[in-house]
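Asker: Dropping a structure here in structure tokens format, bear with me for questions.
The values are calculated or read from the model by the stated rules, or taken from the named source; none is laboratory data. Note that the coordinates shown come from a computational prediction; the quantities given were computed from them, not determined experimentally. Here the Cβ positions follow ideal geometry from the backbone for every residue, glycine too, while neighbour counts run over all protein chains shown.
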Amino acid sequence: MMPDCNNLNELDNTALWSKEPPYVSLSGLSRLRRWVFPVVTATVILILIIVLGVSNRKTSNRLSSSEQKVSNLSQSLNASLQRAQETAKDVERLQFAVENQKDQLISVSEALKHASVVDSLVKSVASLKCSLDRIVKNISTEGGCCPVGWQQFESHCYYFSTLSLNWNQSRLACEEKQAHLAMMSGDKEWAFVSGRADQFYWVGLSDWRTGRWEWINRTPYVMQRRRWVPGQPDNWSGRLYSGTEDCAHLQSDGRLNEKHCVIKMKYICQKHNI
Ligand SMILES: [Ca+2]
């Protein structure tokens, strides 16, 4: 059934009235969209700007720190270069000084050669003097000569000290005389030395270095008990001195005894004759 005109109007009015809210709703949504999108976009952009700003600041700080480090390194490098240049200059100065000293060293070397020649001449003169003395005294010259104050036995000269020193000082005193503490071998030499030892004398025999008895030139000593005082060596440890007895001395009876090396007594030096 067809609707009448009034009804149509009513329908139209109703339709129009009823369509109005959707129109209004769509317009609000559109308006909302129109506002929300820029706001969100602006917010995002703002956040991005802030994030980028913070990031940029951090990067800037790191860059600044790196620049400072590079600057420090550069200063350090410059200082090192300066020191290297100063060192190079010092080396140049030293080279120059060495070159200057070179001639003087050559002169000293020549002088030492001359001194050696003079020393050799002194020995030759002493030998000649010894030979002349022996000729004058009608003694054979085959035995060679010993310095004044030394006593000769076969090819060796012996010095019996008047001064008392400890064993090591005695060793050094003999070395100063181009000699060494006495080392005896064979009955004749023992008899010669002990016959002139009127009291205690250090000789070149000890066991302080390795605990084994050896001569002053480190030749191992073959133990001969008959040359020692009975019961010696006993490696005795006394209360007056620290450590044990480690150095041998000759007694006036011609026998060996062991005593603490720090004790002072006379000593016998020995060397080849000239
Ligand atoms: Ca000892």
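Asker: Since residue 193 meets every condition but one in (1) of a type in the set (A, V, I, L, M, F, W, C); (2) surrounded by 14 or more Cβ atoms within 10 Å (Cβ to Cβ); (3) assigned to a loop (DSSP other than H, G, I, E, B), which condition does it not meet?
Answerer: Just one mismatch for residue 193, condition (3).
Asker: Aromatic (Phe, Trp, Tyr) and part of a loop (DSSP other than H, G, I, E, B): does that describe residue 236? Can you show your working first?
Answerer: Details: aromatic (Phe, Trp, Tyr): yes; part of a loop (DSSP other than H, G, I, E, B): yes.
Answer is yes for this residue.
Asker: Out of the residues in segment 229-245 that are away from the ligand (no atom under 12 Å from the Cβ) and modelled with pLDDT of 90 or more, which is farthest from residue 187 (Cα to Cα)?
Answerer: Among those that are away from the ligand (no atom under 12 Å from the Cβ) and modelled with pLDDT of 90 or more, it is 231.
Asker: Any idea which of (1) surrounded by fewer than 19 Cβ atoms within 10 Å (Cβ to Cβ); (2) within 16 Å of the ligand (Cβ to nearest atom); (3) under 36 Å from the mean Cα position of the chain (by Cα) is the one residue 223 doesn't satisfy?
Answerer: Every condition holds for residue 223 apart from (3).
Asker: Now for a different question. Filter segment 246-261 for residues that are within 13 Å of the ligand (Cβ to nearest atom) and either part of a strand (DSSP E or B) or surrounded by fewer than 16 Cβ atoms within 10 Å (Cβ to Cβ) (or both); which is nearest to the chain's Cα centre (by Cα)? Talk me through it step by step, then tell me what you get.
Answerer: So in segment 246-261, the residues within 13 Å of the ligand (Cβ to nearest atom) come out as 246-249, 256-261.
Still in the list and also either part of a strand (DSSP E or B) or surrounded by fewer than 16 Cβ atoms within 10 Å (Cβ to Cβ) (or both): 247-249, 256-259.
Details: 247: 33, 248: 36, 249: 39, 256: 42, 257: 41, 258: 38, 259: 37 Å.
Filtering segment 246-261 for residues that are within 13 Å of the ligand (Cβ to nearest atom) and either part of a strand (DSSP E or B) or surrounded by fewer than 16 Cβ atoms within 10 Å (Cβ to Cβ) (or both), the one nearest to the chain's Cα centre (by Cα) comes out as 247.
Asker: Tell me which of these residue 205 doesn't satisfy, since it passes every other one: (1) aliphatic (A, V, I, L, M); (2) over 21 Å from residue 156 (Cα atoms); (3) within 16 Å of the ligand (Cβ to nearest atom).
Answerer: (2)
Asker: Can you name every residue in segment 208-218 that is touching a residue at least 40 places away in the same chain (Cβ under 8 Å) and within 14 Å of the ligand (Cβ to nearest atom)? Explain how you work it out, then say what you get.
Answerer: Initial filter on segment 208-218 (touching a residue at least 40 places away in the same chain (Cβ under 8 Å)): 208, 216.
Passing the criteria: only 208.
Asker: OK, next. Scanning for something within 16 Å of the ligand (Cβ to nearest atom) and either modelled with pLDDT under 95 or outside any strand (DSSP E or B) (or both), does segment 168-187 turn up at least one residue?
Answerer: For segment 168-187, residues within 16 Å of the ligand (Cβ to nearest atom) and either modelled with pLDDT under 95 or outside any strand (DSSP E or B) (or both): present.
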